[in-house]
Amino acid sequence: MIRIANGQGFWGDWLEAPVRLVDQGPIDFLVLDYLAEVTMSILQKQKQEDPNLGYARDFPPLVGRLATRLKSRNIKVVANAGGVNPAACAKAVLKAAPGLKVAVVHGDDVFSRLDELASKGYEMRDMDTGEPISSIRPGILAANAYIGAFPLAEALDTGADVVIAGRSTDTALTLAPMVHRFGWKPDGWDKLAAGTIAGHIIECGAQCTGGNCQVDWQSIPNMEDIGYPIIEAKPDATFTVTKHESAGGRVHSDTVKEQLLYELGDPARYITPDCVADFTSIQLADTGPNRVRVSGIRGGPRPPTLKLSISYANGWKSIGTLVYSWPQALAKAQAADRIVRARLKSLGLSFEEIHTEYFGANACAGPAAPPNPDPPEIQLRIGVRGQDRKAIDRFTRELIPLVLNGPPGATGFGEGRPAVREIVAYWSALIPREEIQTRVEVIS
Amino acid sequence: MKKPLGEIAHTRSGDKGDTSNIGVIALKPEYYPVILREVTPERVKSFFGDLVKGKVERFELPNLHALNLLLHEALGGGGTVSLRVDAQGKTYGAALLRMEIDVD
């Protein structure tokens with residue numbers, strides 16, 4: 001049996017979580033998932049400004065902080081902290097923790113190969129809209145193929161203490177230690193599916209150990225010290241989801257089911273570079289306090305293609321707010337919205353979208369929100385987006401004047417004019433997997 | 001007898017691009033057939049009104065006594081493009097708990 005713990009569900013997750021996973025009980029592998037769809041583009045921009053950046057900067061200091069404990073207890077770290085610059089990440093890790101052996105997985109970055117791939121005749125089209133890649137080509141900032149568990153397992157096979165990948169799938173981080181330790185084969189679909197589903201359960205950190213859980217949420221113990229998840233994996237591909245005993249939170253079939261359903265598409269066909277996992281085969285059993293056993297998982301062959309994660313610049317946006325107070329707070333906010341729209345129109349400005357929400361009335365759920373006929377206050381929230389930066393800049397001047405020249409009772413303008421942000425949007429396509437050749441480099 | 005869905009189910013929701021997914025899980029196994037009968041794509045689409053511009057798809061996970069709902073074109077463009085406060089549909093699952101269902 002091996003214990004695989006996940007200490008980060010995204011870049012920006014709780015900094016103390018991985019340290020507590022190491023300190024509060026036994027683990028064999030510490031996996032850290034830093035990358036979301038938009039993270040790659042943020043990292044690409046950082047790399048453009050400084051060629052030594054472009055990776056998750058939280059990671060090297062964390063490894064430095066844990067280095068002695070990792071070494072003395074033989075805990076291996078697997079992370080997709082490399083972002084768009086795994087080599088620079090490895091360099092920074094070695095600087096923070098000189099005694100560790102680091103393995104880097106290269107080959108996911110296809111940013112410089114896009115035209116070559118197009119010239120080979122691969123018709124890359126967006127998986128959601130069907131648009132050809134030519135429609136976004138000038139704005140592309142980053143392009144990476146999602147890679148699976150086998151290159152990461154190969155990196156673990158070198159005896160490295162720390163494995164750094166770029167755009168590996170979230171689930172591969174958890175599956176890789178199983179492939180490495182149990183010698184699972186690339187066509188062992190049921191086993192690979194089980195490891196993939198274990199990865200899906202823990203990839204969002206505490207979201208399977210009581211975080212964001214609706215069931216009896218007020219009774220979830222000691223959330224200030226919530227335990228991040230641990231998979232106790234066996235060679236037969238059954239596993240138990242648990243946490244350190246002394247940590248807070250709760251592991252129960254309710255918390256695990258909620259996470260299993262999170263960001264899921266067709267449950268019978270959860271497609272990864274390693275296999276196609278069938279979520280309708282999962283059997284759960286509560287086998288003890290904070291222990292859920294998972295078994296019965298079936299899987300099918302991996303697809304012949306890999307998914308590309310592409311991010312591109314798609315204009316600008318700004319979101320501004322004002323607060324209107326009782327009485328008639330909603331009516332005042334609605335009147336203010338009409339005034340702003342009329343003023344923007346009279347200035348001759350056009351936008352791809354103007355979107356208004358009334359925070360406190362219906363901002364989250366729109367027509368599905370419960371009625372709230374006489375709220376004590378409402379936040380007017382107007383957002384605009386478009387390709388013309390000047391129009392977006394001008395919008396940012398149109399809210400604060402309403403405090404004096406609009407409906408009564410406006411406040412909440414203390415932050416000043418709203419910020420203008422560049423929109424870095426996400427686009428995905430498929431390419432034949434033979435086009436992606438990964439390579440493991442060991443540095444120490 | 002009419003009851004809100006939240007009395008027999010819990011939910012979790014999230015995003016994939018401009019699609020929001022809502023997992024609907026029976027609080028007890030015996031509630032699953034009621035959820036299966038009552039939480040139809042048509043009812044869900046009508047409950048969310050013009051928030052959902054596209055279709056609603058439904059998948060069944062009888063092993064978990066759960067449904068997975070996909071609400072297409074429901075996040076104002078999704079991801080970084082969306083101007084919505086809840087650009088990732090994190091609250092849609094909780095909103096659905098208010099939907100009235102027939103439990104007889």
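Quick notes on this structure:
- Note on segment A:212-240: residues that are part of a loop (DSSP other than H, G, I, E, B) and either of a type in the set (A, V, I, L, M, F, W, C) or in contact with a Cys (Cβ under 8 Å, 6 or more places away or on another chain) (or both) amount to 5.
- Residues of segment A:319-378 classified as away from chain B (no Cβ under 14 Å) and touching a Lys or Arg at 6+ places or on another chain (Cβ under 7 Å), total: 3
- Of the set (1) modelled with pLDDT of 95 or more; (2) within 29 Å of B:His72 (Cα to Cα), all apply to A:Leu94 but (2).
- Those residues of segment A:33-54 which are farther than 26 Å from B:Gly78 by Cβ and crowded, with 17+ Cβ neighbours inside 10 Å, in sequence order: A:Leu53
- Meeting the requirement of 2 or more residues that are among the charged types (D, E, K, R) and on the phi < 0 side of the Ramachandran plot, the helices (runs of 4 or more DSSP H) wholly within chain B are B:32-38, B:41-48.
- In segment A:241-248, the condition of being under 22 Å from A:Phe29 (Cα atoms), of a type in the set (Val, Ile, Thr) and assigned to a loop (DSSP other than H, G, I, E, B) is met by no residue.
- Qualifying position, being free of Cβ contacts under 8 Å to residues at least 40 places away in the same chain and either crowded, with 24+ Cβ neighbours inside 10 Å or of a type in the set (Val, Ile, Thr) (or both), among A:Thr171, A:Thr158, A:Thr129: A:Thr129
- Flag if B:His72 is within 22 Å of A:Asn212 (Cβ to Cβ) and either in contact with a strand residue (DSSP E or B) (Cβ under 6 Å, 6 or more places away or on another chain) or among the charged types (D, E, K, R) (or both): no
- Flag set for A:Ala425, criterion: surrounded by 14 or more Cβ atoms within 10 Å (Cβ to Cβ) and over 19 Å from A:Tyr324 (Cβ atoms).
- Filter pass, A:Glu49 being among the acidic types (Asp, Glu), under 24 Å from the mean Cα position of the chain (by Cα) and more than 11 Å from A:Val163 (Cα to Cα): yes
- Within segment B:48-59, considering residues that are surrounded by 18 or more Cβ atoms within 10 Å (Cβ to Cβ) and either among the basic types (Lys, Arg) or touching a Pro at 6+ places or on another chain (Cβ under 8 Å) (or both), the one farthest from B:Pro33 (Cα to Cα): B:Leu51
Rundown of residues vs (1) of a type in the set (Lys, Arg); (2) touching a residue at least 40 places away in the same chain (Cβ under 8 Å); (3) surrounded by fewer than 22 Cβ atoms within 10 Å (Cβ to Cβ); (4) more than 10 Å from chain A (Cβ to nearest Cβ), yes/no style:
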position	(1), (2), (3), (4)
B:Arg12	yes, yes, no, no
B:Arg43	yes, yes, yes, yes
B:Leu61	no, no, no, no
B:Leu69	no, yes, no, no
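The values are calculated or read from the model by the stated rules, or taken from the named source; none is laboratory data. What you see is a predicted model, and the numbers here were worked out from it, not measured in a lab. When we count neighbours, we look across all protein chains shown, and the Cβ atoms used for this are built from the backbone with ideal geometry, even at glycine.
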